[in-house]
Amino acid sequence: MKAAQVTMETGAHAAALAVKSARVDVVPGYPITPQTSIMEAVAEMVENGELHARFIPVEGEHSAMAAAVAASAAGARVFTATSANGLLYMHEVLHMASGGRLPVVMCNVNRGIFAPWTLWADHQDSMAQRDTGWIQYHCSSNQEVFNTILQAFRVAEQINIPVMVNFDGFTISHCLMPLTVPPQEEIDRFLPPHEPEWRLDPAHPSSFSNVTNAPEYAPFRQMLSDDIMAAIPLVKQAAQEYKDITGMWDGDTIDTYRLEDAEVVAFAVNSMAAELRLSVDILREQGIKAGLLRPRLYLPFPAEDIINALPQNAQVMVLDRNYNFGHPGGILAAELKSVLFGRRNDITVKNRVMGIGGIDLTRRFMADEIRAMMDD
Amino acid sequence: MTTSIKQLPDIEQVLSGNGACGGCPATMGLRVVGKALGSNAIMLLTPSCAVASMGMTPKLGYNWPCINICFASAGSSASGITHAVEIMQEKGRLQGELPTVFTWTGDGGTYDIGFQALSAAAERNDNIIHFCYNNEAYSNTGVQRSGATPRGCFTTTTPTGKRQPKKNLALLMLEHNIPYVATANVAYPGDLYDKVVKAKNTPGTKYIEILAPCYLGWQFDMSETVQMSRAAVRCGAWLLWEAENGKINFNNPSARIISGKKAAEPVDEYLMNQGRFNRLLKGPDATQRIAEIQGDIDREIAFMRERAKITV
Ligand SMILES: Cc1ncc(C[n+]2csc(CCOP(=O)(O)OP(=O)(O)O)c2C)c(N)n1
Ligand code: SF4
Ligand SMILES: [Mg+2]
């Protein structure tokens, strides 16, 4: 058997390599910073024959997703990527992907949204798509981006729900880290070819996303709501089997660090959660029993896994890189409180918003914030 | 020679029992399109009368696999499907002849909200046929103006008659350098059939626009759809033409009007036979506003006559 290859790659290039490893068929794409490098890399791979796929250079993100859902309905394995305003521009079609039960996988490279313009990372873009019926992962390293895209295709195609793989602009998308690419035969074992139960097929004329009356519409929506919850065991299974085959592990629905005996738990997603491991070490050196809980899966929100993982009487410090407009604080804190309510009354939840528009989140800064939050 | 109506194949892709109005021009056009395309095709629809007519889930009145897509997306979604089936065939996952991928879209989904995606698909020359059945309004939402609504026309959003002329979208599509563009009309089914067959056998992006006088929006009796369609051609309000690789040819009766062998009928009678120009015809400035409409038609005939001479 061939050995895994280790090279230095940016997060964006790691994503493109995962697209190649997944043997994707169709990639509609439109540039937006900081996602552009994924599309450029995929276009290059298709052009030079490394990836046997079609790259469709569409004229905007609404069209990127519109081409993606239609190609998926035709039976192809489909990938696209975007950021910030591109993601917002897709909004209508995101609903078509989930409502149409089309297993598209998309990377969203997190970036703050207009107005005013910013190029830098925060999580308003992906979290604003909370109610579109997509599964959402949030990744904290280049390797996790690669691994998660493969896991995303598997989960998406198992339950016919689209999956968004999020990671931070620049911090992940443009920074080099060592990347292990497992041998193709391992990936093929993990991710079998896409064989949809149903596709647009002239031999079987049938309608897709046609007009419904309430008695048909309501069950479709209920099914989506039920099935997205059913993704949780599949996400765990995919993470476990990926580990069994490749030896790599990023957590399943959640990822934890020094959590077992923690009294103060940092709670955050994406690259800041990787940095928070170092903040936890700093706090531990200062005599504070700190730990980390990172939801790797944001949607469906892994409520049971979080409830089971939090130590007794912990203070949970939610560090939100987004605003929950109309409420004080951020979105993750609101989500967390809603699942703890009535289940874990021993837990205290505290919340600060930080890192908006790419403000640097260093280990020291976040350790200081967490210490200060203990007095909030 | 144009195929005659008697020579059209028996195959019916529009099944009986769909939800369209009696005398619906869009459905008549689709029936002829079905005869030309046959069953090996994939149909895309944007929100429109065609969707409202196709039958409610789980029933379907069109005998193709049909996908309803977002209103702005005919061009891009059709591109997605055509690339998907081509690559799946290349990879050995689809066998046999590739299906024709076609959109069946109103003037709203073509001239207005759908224009960006359509223009981009044409610029990429993706292998699709875009059909626009043009009823010169948003009929499905209760007859509002579109970019295809002619000057002077009443719609619910142009209560005193539209002040601007329509745009010539078929010509705009021609300027995308696509291999085939045609206009058609349900009163000339053989001409439409031949054009669809040509489009089906031409690789790349094809655009066919079918004038579809809708009794509801245009306000005439639903038994007169064909007469109204023919009247539009005879007065030159609708020109029948096709362009293969950029070269425009007019089809009869429009060819005779363009060459000057036969004068276009004055527009007055055409306008008077429809209710949608009533307010204008009864207004104090009727003469001037009819002259404006006639001016739009005369200008278009003169312009297309000259444009067709450019063959480089
Ligand atoms: C994004 C979006 N905006 C608006 C609508 C509402 N809508 C549905 S059909 C329609 C008009 C369709 O007009 P046209 O394409 O000319 O088709 P017709 O109804 O005339 O057959 C509109 C505005 C929609 N479905 N989606
Ligand atoms: S309103 Fe007009 S276009 Fe719509 S179904 Fe009726 S006749 Fe056809
Ligand atoms: Mg219309």
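No value in this document is a laboratory result; all are computed from the given coordinates. Note that the coordinates shown come from a computational prediction; the quantities given were computed from them, not determined experimentally. Don't worry about glycine lacking a Cβ; one is built from the backbone with ideal geometry, like all the others, and counts go over all protein chains shown.
How many angstrom lie between the Cα centre of region A:217-247 and the Cα centre of region A:321-375? About 27 Å separates the Cα centre of region A:217-247 from the one of region A:321-375.
For A:Gln240 and A:Arg189, FRET efficiency with R0 = 22 Å and r from the beta-carbon atoms, rounded to 0.05?
Numbers: r = 14 Å, r/R0 = 0.64.
Approximately 0.95, to the nearest 0.05.
Taking a threshold of 25 Å on the Cα-Cα distance, which of the pairs B:Lys59/B:Lys195; A:Lys289/A:Lys337; B:Lys167/B:Lys247 fall above it? Violating the 25 Å limit, Cα to Cα: B:Lys59/B:Lys195.
Put simply, the amide H of A:Leu51, placed in the peptide plane, has neighbours under 5 Å in A:Val46, leaving out anything fewer than 5 places away on its chain. With the Cα gyration tensor of region A:284-376 giving a ≥ b ≥ c as the square roots of its eigenvalues, does the rule (a/c under 1.5 for rounded; else a/b larger than b/c for prolate; else oblate) give rounded, prolate or oblate? Oblate, since a/c reaches 1.5 and b/c is not below a/b. Across region A:289-304, rounded Karplus estimates of 3J(HN,Hα) from the backbone phi angles (6.51 cos²θ - 1.76 cosθ + 1.60, θ = phi - 60°) give 7, 9, x, 9, 10, 10, x, 7, 9, 8, 9, x, 5, x, 4, 5 Hz, Gly and Pro being marked x.
With each run of n ≥ 4 DSSP H residues scored as -39500 (n - 2.57), what mean residue ellipticity at 222 nm is computed for chain B after dividing by its residue count and rounding to the nearest 500 deg cm²/dmol?
Numbers: 12 runs with 116 residues, N = 312.
Taken over chain B, the calculation gives -11000 deg cm²/dmol.
Of the residues A:Tyr242, A:Phe341, A:Val42, the one whose Cα sits farthest toward the positive end of the charge dipole of chain A, with +1 on the Cβ of Lys and Arg and -1 on the Cβ of Asp and Glu, is A:Phe341.
The calculated FRET efficiency for the pair A:Ile307 and B:Gln144, based on their C-beta separation and a Förster distance of 41 Å, comes to about 0.20. By the helix-only formula, in which each DSSP H run with n ≥ 4 contributes -39500 (n - 2.57) and the sum is divided by residues, chain A has a 222 nm mean residue ellipticity of -12500 deg cm²/dmol.
Does region B:5-307 classify as rounded, prolate or oblate by the C-alpha gyration tensor (a ≥ b ≥ c root eigenvalues; a/c under 1.5 gives rounded; else a/b over b/c gives prolate, otherwise oblate)? Walk me through the numbers on the way to the answer.
On the way: a/c = 1.77, a/b = 1.50, b/c = 1.18.
Prolate, because a/c is 1.5 or more and a/b exceeds b/c.
For the options B:Gly80, B:Gly96, B:Gly61, a Gaussian network treatment of chain B with springs between C-alpha atoms closer than 10 Å singles out B:Gly96 as fluctuating the most. A simple spin-label model places the labels of B:Arg307 and B:Lys247 1.9 nm from each other, with each point 7 Å out along Cα-to-Cβ. Note on chain A: with a GNM built from Cα contacts shorter than 10 Å, the maximum mean-square fluctuation among A:Tyr323, A:Tyr217, A:Tyr257 falls on A:Tyr217.
In chain B, once you exclude exposed GluC sites (Glu not before Pro) (DSSP loop, at most 16 other Cβ within 10 angstrom), what's the longest stretch remaining? Mind showing how you got there, number by number?
On the way: sites that count: B:Glu12, B:Glu97, B:Glu175.
Longest run free of exposed loop sites: B:176-312.
Taking a straight Cα-Cα cut-off under 26 Å and skipping sequence neighbours fewer than 8 places away in the same chain, the lysines within cross-link reach of B:Lys162 are B:Lys282. Within straight-line reach of B:Lys198, meaning a Cα separation under 13 Å, sit the following aspartates and glutamates at least 8 residues removed in sequence or on another chain: B:Glu242, B:Glu244. Provide a whole-number value for the mean count of partner chain Cβ atoms within 10 Å of the Cβ atoms in peptide A:193-204. Mean number of neighbouring Cβ atoms from other chains: 4.
The label-point distance for A:Thr212 and B:Arg299, in a model that sets each label 7 Å from Cα toward Cβ, rounds to 4.8 nm. Counted over the protein assembly as shown with a bin width of 10 Å, the fraction of Cα pairs per bin, in whole percents, is 3, 15, 23, 20, 16, 12, 8, 4, 1, 0.
Springs between Cα atoms under 10 Å define the GNM used for chain A, and in it the highest mean-square fluctuation of A:Asp346, A:Asp244, A:Asp201 occurs at A:Asp201. Return the whole-Å distance between the Cα centroid of region B:65-85 and the Cα centroid of region A:38-70. The two parts, judged by their Cα centres, are 15 Å apart. For A:Lys243, the lysines whose Cα comes closer than 19 Å to its Cα, not counting residues fewer than 8 places off in the same chain, are A:Lys2.
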